[in-house]
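Everything below concerns the one structure shown next.
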Amino acid sequence: MESLLTLICSHANEAHWIIFAMLLLAGLNVPFSEDILILTGGILASTCVPDHTVRMYLWIFFGCWISAWEAYWLGRLLGPKLYNIRWFSYVITPHRIERLHYYYEKFGILTFIVGRFCPGGIRNGLFMTSGLGKMPFPIFVARDVIACLISTLVLFYIGYQFGEHHEIVFKYFKRYEIAAIILIVLLAISVTIFFKRLAPKK
């Protein structure tokens, strides 16, 4: 584990713009997990480049914020055509769009805040829905910046804390490996059930 961390740290000085680029690709539905990228940035900031923590966070924040703009404009410019494009079909479905639109109308900016903590499919679906619904872009940007700030700060902080205490975490993970695996499996099952409930009814 230490040798792996050393290898990663040897390339950490370029990590900020690599993560930024991957976040931009995630906005185009390339399957990069935004959450994992933010957590990774926090871990690297605490273990490898502590002197550049602010730089790392800012690149991550703007990467997440701008990637949302990409998803918005995909929905705004392509509109209902997205339903017929395989690349977006697993994110954009009439049923999911209807549900997200309902949440937005009922909860307003809270939908953005909660949506920012949801996996990429739901998150990008929310942004594309905003574009499909022709929400004025300045309003979209102003509302999402708050949600983006909250989610990136929380996840970056978690990653940072994990990095600072990684030796303790790995020690207890090894000690309670079976329990940890069971917890991960249960979490995966819960996420699967959640997505099935969001899936369009046939």
Net dipole in debye of region 2-164 [+1 Lys, Arg Cβ; -1 Asp, Glu Cβ; about Cα centre; nearest 20] = 780
Gain on full stretching of the segment that runs from His101 to Leu58 - 0.36 nm per residue minus C-alpha separation | 12.5 nm
Environment charge of Tyr72, counting only residues whose C-beta is closer than 13 Å and scoring Lys/Arg +1, Asp/Glu -1 = +2
Under the Karplus relation with 6.51, -1.76 and 1.60 and θ = phi - 60°, whole-Hz ³J(HN,Hα) for region 133-140, x at Gly and Pro, equal x, 6, 4, x, 4, x, 5, 4
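Laboratory data are not the source of any read-out in this text; all were calculated from the coordinates shown. Here the structure is a predicted model, which means the values were calculated and not measured. Positions of Cβ are generated from backbone atoms using ideal geometry, with glycine treated the same way; all protein chains shown enter the neighbour counts.
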